[in-house]
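For reference, the structure discussed in these notes is given below.
The values are calculated or read from the model by the stated rules, or taken from the named source; none is laboratory data. Keep in mind it's a predicted model, so treat the numbers as computed, not measured. Ideal geometry is used to build each Cβ from the backbone, glycine not excepted, and the neighbour counts take in all protein chains shown.
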Amino acid sequence: MSVSRSIRIGIDVGGTFTDVVAIDAGTRQVVGYTKVPTTHEAEEGVARGILDALSGILERHAIRPGEITFLAHSTTQATNALLEGDVSRIGVIGAGKGFTGWQTSMGIRFGALKLAEGRFLDSVPAYIETAGEESFEKGLATALKRMKDERVGAIVAVEAFSVDDPETESRIAGAAREAGFPATATHEVSSLYGLRLRIRTAVINAAILPKMMETSERTATGVADSGVDATLMIMRSDGGVMSLDEMRRRPILSFLSGPAAGIAGALMYEKVSDGIFLEVGGTSTDISVIRDGLPQTRPATIGGNRVFLNTLDVRTIGLAGGSMLRVRERRLAGVGPRSAHIAGCRYLAFSRAQEIESAALEEAATAGDATNRYLVFVTPDGARIAPTLTCAANFLGYVEADQYARGDAEVTRAGFVRLGEYLGMPPEEVAGEMFEQALPLVEAPLHRLIHEYHLDAGMVELVGGGGGAAAILPALRERLGWNTRISRHAPIISAVGVALALVKEVVERNVVNPSDEDVLRVRHEARTAAIRAGATPETVEVRVEVDRQRNILQATATGASEIREAREDKGSEMTEEALREVAVLSLGMAAERVQLAGRADGFRVFRGVEPVRRLGGLWRGKREGIRVVDTEGVIRLRRTRGRVLESTAGVIGGELSGAVADETAYGDAGQVVPDVFLLHGGRIANFTGITQVEHVSKLAMDELQGASDEDSVVVLICRKEYDA
């Protein structure tokens, strides 16, 4: 009797198509994938497309519902609702007494919130005095009646210091739900002080609550009806997934979950540790940074309103595989911003030879872009065919035979010959000039990200995903000389990212000069929250950061929703010598200059040192590098220099504090604690966000709880390679 597979399903809901992928949880191999149109106009909304995608992949690839152990989807619904103003009117009920009551009553009275250009969110405020139980109950009943009369769609409960004592907000939200309103309380969306930001975050959260709840209920019902037993998860804006219950409480966490899905694929499938991920679509390219195996995030703004929400730091540019050739007076003027997809054109590279032979070449305006003119082939039957950046990449030989963007070479050449004749240029020069115009638009955000995140350009790898990746990445490699690669299954990397994403929970507290107890408490809160959200305890990892400028203590917990199956094929693990060769290649040094510096379960640490002579040999120095390589040959951590401690779980506690203190720097801003990484049990514990030496030791000991005294441990201690 064959053992049933364990299948993870990821569904990426895009603006045009909904992609679905099935991955074997044990081998992480793609079992199958398919796509269906995104059903914005259906009665059930995008839920219809999600369910169509699920049933389609089950049928097409003979997957039994019982084999599915994980099911998640990304969503554009929150983003689209906010950008398009498709939101509910909100009732804001505040409560309090005395001075804090006055703060609350003033905080709930604000004008319409801007969501996007020309899109605003209206709210109805009501205030209740909490001086006595009877007056509170009467005031609450009056407020809820007013909200029904005003036809609000959801309620926000507000009290000034609810992060310390949430009882009043919880009572208001509970009463609102009993009265039939979807409701949220400010302490549910953020545990940080800052009443104004907390209210605005909760109001925006509540505005999308009714529609998101409707969609989630329909999706959950459809999944259950299909016989799938796995818990439905939703993609978050920071690259993790959350449970359906959490989605119903905080739908705002799904804002920008689309770009988050792609970077999750880069992290979990491509195992990028340090790099810049470019998801190249047909119309735009999303660019984001991965550092030390973590996606970089920043505080979100919605319509210019800062909110208590961290999203991936994604830089989006209006250039991609479908960007069209722009002209002015029979001269090449640029590429984009209009894409063939938006303009209703087919790609030249994917057309037929007879179509190009019989087509007229015209300069045409496109819908929504009356200012610019683009070259378009128009066939006798009215079909419009555009030369795009993907077509230029095919013509110049950038696109490999097995890549999604590969088109018909003969058709592409015939088209560029005609373009050259029209523009008075050799066809190769037309294609080359398209990239000369396009690549600076990509380079600018790349250089900004390298500067802002203090990345070493020599160690950065550009990783491409999306259907248009092959149109841009090879040209960037040729122009910049940087390491680049195109991800496996690039066109569906976002769906792959959803399928492999980890459960994620973030806990934040306002704490001035946090103690060891504060640090451990927030760590345990985050771990508990991740387990409650669906992560199995054995898989949860927690990273703690201290922001001394804003007095914020933050813990981020990630974990898998089921215990990943051990691979039966141990051949995927490489020999130590083969792992050293991986490190040698990455460091760019002679093999004899690279030596093993430490061993831990699942990892090997290699250090390279080579002499450097400059100024004609008058100055002598050295170039160093450290690489942490997992036993499958994936580089998990890169540093220029650092101290490597090889020890055991029973001994490291007595060595760590002194070693970290030795590498701590002191300057005008006080002490700068080095970056510390603890390698044990196949995990890398990251302590780079810690600002006190003693906190590092406490967290390390907490991390090693349950480990045997003889278990091997490696600690990597690296002075900051950028300004703290």
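Strands (runs of 3 or more DSSP E) fully within the range 1-83 that include at least 3 residues being within 20 Å of the chain's Cα centre (by Cα) and within 22 Å of Gly281 (Cα to Cα): 7-13, 17-24. Of the residues making up the range 337-362, those that are small (Gly, Ala, Ser), assigned to a strand (DSSP E or B) and under 13 Å from Val378 (Cα atoms) number 1.
For Gly321, the conditions (1) buried (at least 24 other Cβ atoms within 10 Å of the Cβ); (2) farther than 19 Å from Ile492 by Cβ all hold with the exception of (2). Scanning the range 401-440 for residues that are acidic (Asp, Glu) and more than 24 Å from Ile317 (Cβ to Cβ) returns Asp402, Asp408, Glu410, Glu421, Glu428, Glu429. Looking at Val460, Val411, just one residue is within 18 Å of Val272 (Cβ to Cβ), among the hydrophobic types (A, V, I, L, M, F, W, C) and out of contact with any Cys (no Cβ under 7 Å at 6 or more places or on another chain), and that residue is Val460. I'd like the full set of residues that are basic (Lys, Arg) and more than 22 Å from Thr539 (Cα to Cα), limited to the range 651-698. None; the set is empty.
Out of Glu214, Glu279, one residue alone is of a type in the set (Asp, Glu), out of contact with any Phe, Trp or Tyr (no Cβ under 9 Å at 6 or more places or on another chain) and modelled with pLDDT of 90 or more. It is Glu279.
Residues checked against (1) of a type in the set (Phe, Trp, Tyr); (2) surrounded by 14 or more Cβ atoms within 10 Å (Cβ to Cβ):
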site	(1), (2)
Glu84	no, no
Leu113	no, yes
Phe120	yes, no
Gly139	no, yes
Arg146	no, yes
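Based on this model, can you work out whether Glu279 counts as assigned to a strand (DSSP E or B) and either touching a Gly at 6+ places or on another chain (Cβ under 9 Å) or over 22 Å from Thr16 (Cα atoms) (or both)? The answer is yes for Glu279.
Among the candidates Ala457, Ala438, single out the residue that is touching a helix residue (DSSP H, G or I) at 6+ places or on another chain (Cβ under 7 Å) and more than 22 Å from Arg330 (Cα to Cα). Give the steps one after another, and end with the answer.
On the way: Ala438 fails: more than 22 Å from Arg330 (Cα to Cα).
Testing whether each residue is touching a helix residue (DSSP H, G or I) at 6+ places or on another chain (Cβ under 7 Å) and more than 22 Å from Arg330 (Cα to Cα) leaves just Ala457.
Quick one: count up the residues across the range 464-508 that are part of a strand (DSSP E or B) and not hydrophobic (A, V, I, L, M, F, W, C). Looking only at that region, the number is 8. Suppose we keep only residues that are polar (S, T, N, Q) and touching a helix residue (DSSP H, G or I) at 6+ places or on another chain (Cβ under 9 Å) within the range 674-724. Which one would you say is surrounded by the fewest Cβ atoms within 10 Å (Cβ to Cβ)? Here the answer is Gln692. Here Glu655 fits the description: charged (D, E, K, R), touching a Leu at 6+ places or on another chain (Cβ under 7 Å) and on the phi < 0 side of the Ramachandran plot.
Among the residues of the range 408-426, the ones that are buried (at least 20 other Cβ atoms within 10 Å of the Cβ) and of a type in the set (Gly, Ala, Ser) come to 1 in all. Please tell me if Gly334 is loosely packed, with under 15 Cβ neighbours inside 10 Å, touching a residue at least 12 places away in the same chain (Cβ under 8 Å), under 23 Å from Gly281 (Cβ atoms) and touching a strand residue (DSSP E or B) at 6+ places or on another chain (Cβ under 8 Å). Here the answer is no, as Gly334 does not meet what is asked.
Here is a yes/no grid of residues against (1) surrounded by fewer than 21 Cβ atoms within 10 Å (Cβ to Cβ); (2) farther than 29 Å from Gly111 by Cα; (3) not assigned by TED's automatic domain parsing to the domain that holds Ala154:
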residue: Gly180; (1), (2), (3): yes, no, no
residue: Arg200; (1), (2), (3): no, no, no
residue: Met212; (1), (2), (3): no, no, yes
residue: Val223; (1), (2), (3): no, yes, yes
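A quick yes/no check of all residues on (1) under 30 Å from the mean Cα position of the chain (by Cα); (2) polar (S, T, N, Q); (3) farther than 21 Å from Ala529 by Cβ:
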site: Thr142; (1), (2), (3): no, yes, yes
site: Val152; (1), (2), (3): no, no, yes
site: Ala175; (1), (2), (3): no, no, yes
site: His187; (1), (2), (3): yes, no, no
site: Ala206; (1), (2), (3): yes, no, yes
